[in-house]
Amino acid sequence: MSFSLSALVLFGILLAMLLRSKTVGIGSAAVAVLFGFYLSRTGAAAPIDQVMNAISRSIPSF
């Protein structure tokens with residue numbers, strides 16, 4: 001059985017865990033979210049998406 005989990009959900013869960021463990025504060029989390037939002041609107045979004053897709057395709061082969 002296999003399932004798909006989007007990077008948005010994965011990073012959202014990771015950020016929530018960091019907030020809950022108080023490793024990252026609310027201000028830092030807001031900066032991380034805003035950075036990701038503005039990064040997605042730049043030309044760097046397509047190459048980053050390609051790298052993430054390549055990584056996600058290579059993980060099941062391990």
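The values are calculated or read from the model by the stated rules, or taken from the named source; none is laboratory data. Small disclaimer: the values here were computed from a predicted structure and weren't measured. Reconstructed Cβ throughout: ideal geometry from the backbone, glycine too, with neighbour counts over all protein chains shown. Just the protein is used for accessible areas: all its heavy atoms, side chains included, with ligands, DNA and RNA removed. Shrake-Rupley method; radii C 1.70, N 1.55, O 1.52, S 1.80 Å.
Would you work out if the chain is rounded, prolate or oblate? Take a ≥ b ≥ c from the square roots of the eigenvalues of the alpha-carbon gyration tensor; rounded if a/c is under 1.5, else prolate when a/b is larger than b/c, oblate otherwise. Oblate is the answer for the chain, as a/c is 1.5 or above yet b/c matches or exceeds a/b. Working from label points 7 Å from Cα in the Cα-to-Cβ sense, the Ser56 to Arg20 distance is 2.2 nm.
Residues in the chain average 89 Å² of solvent-accessible surface per residue, probe 1.4 Å, ligands and nucleic acids excluded.
In whole percent, and with a 1.4 Å probe on the protein chains, what portion of the accessible area of the chain is carbon and sulfur?
Ligands and nucleic acids excluded, carbon and sulfur reach 71 percent.
For Ser28 and Ile48, a Förster radius of 22 Å and the Cβ-Cβ distance give a FRET efficiency of 0.60, rounded to the nearest 0.05. Computed with a 1.4 Å probe over protein heavy atoms only, the accessible area of Val9 comes to about 70 Å².
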